[in-house]
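Trainee: One structure is given below, represented as structure tokens, and several questions about it will come after.
Any read-out appearing in this document is the output of simple, stated calculations on the displayed coordinates, not a laboratory observation. The shown structure was predicted, so the numbers you read here are calculated from the model rather than taken from an experiment. Every residue, glycine among them, receives a Cβ derived from its backbone with ideal geometry; neighbour counts consider all protein chains shown.
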Amino acid sequence: MNGRGHRSGLTLLEIVLSLALFCGAAAALSQLAWNGSRATVQARLKTQATIRCEAKLNEILAGVEQMAAKSNVPFPDDSSWTWSQVVTPSSHAELVQLDVTVSHRSKSRLASIDVTLRRWAREQTIFVQGATQTKEEQEKMEARTE
């Protein structure tokens, strides 16, 4: 042995390097966890927006809602969700392009989303006129037979 005794333990340089590696790994893992959380929130909101959009589109096509332009109408169960509707006439008299957009707005950019579905549909007034004419014709027929 040369005068210096053998020390057991870590040097300051080894401690600093191990702390730097630990902090780097912790930062990388926290970034991965944040990305996973963000993706989960976005997927949940997009799924809910798509379901709401399909439901509203079906209500419009079934005649529960009027086929007319509407903007930022809140959903009755949750006012943070709104829907808008654009009806665009086509070159065919009975056909219209129906765009329904469902939006969720929040203070956080992470929780804000828009989903739009587009369908081609027959104009509702044609069906209403047909049903009205049929009813009137039936009433006239009944009046004639009496």
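Trainee: Under 13 Å from the Cβ of GLU54, count the other residues' Cβ atoms, weight Lys and Arg +1, Asp and Glu -1, and hand me the total.
Mentor: +4
Trainee: Neighbour counts of other C-beta atoms within 10 Å: give me LYS140, LYS107, LYS56 arranged from fewest to most.
Mentor: Placing the least packed residue first, the sequence is LYS107, LYS140, LYS56.
Trainee: How many times 2.2 N^0.38 Å is the alpha carbon radius of gyration of segment 28-93?
Mentor: It is 1.59.
Trainee: For helix 12-62, report the angle its Cα long axis makes with the longest principal axis of the Cα atoms of the chain; keep it between 0 and 90° and round to the nearest 10°.
Mentor: The helix 12-62 is inclined about 10 degrees to the chain.
Trainee: With runs of 4+ DSSP H residues as the only contributors, calculate the mean residue ellipticity of the chain at 222 nm using -39,500 (n - 2.57) per run, divided by the residue total and rounded to the nearest 500.
Mentor: -18500 deg cm²/dmol
Trainee: Also, I was wondering about something else. By what distance, in whole Å, do the Cα atoms of the chain stretch along each of the three principal axes, largest value first?
Mentor: 130, 33, 22
Trainee: So what is the relative contact order of the chain, in percent, for Cα pairs below 8 Å that sit 6 or more residues apart?
Mentor: So the answer I get is 18 percent.
Trainee: Which angle from 0 to 90°, rounded to the nearest 10, does the C-alpha axis of helix 124-145 make with the longest principal axis of the chain?
Mentor: 30
Trainee: Would you mind ranking ILE15, ILE60 by Cβ crowding within 10 Å, fewest neighbours first?
Mentor: ILE15, ILE60
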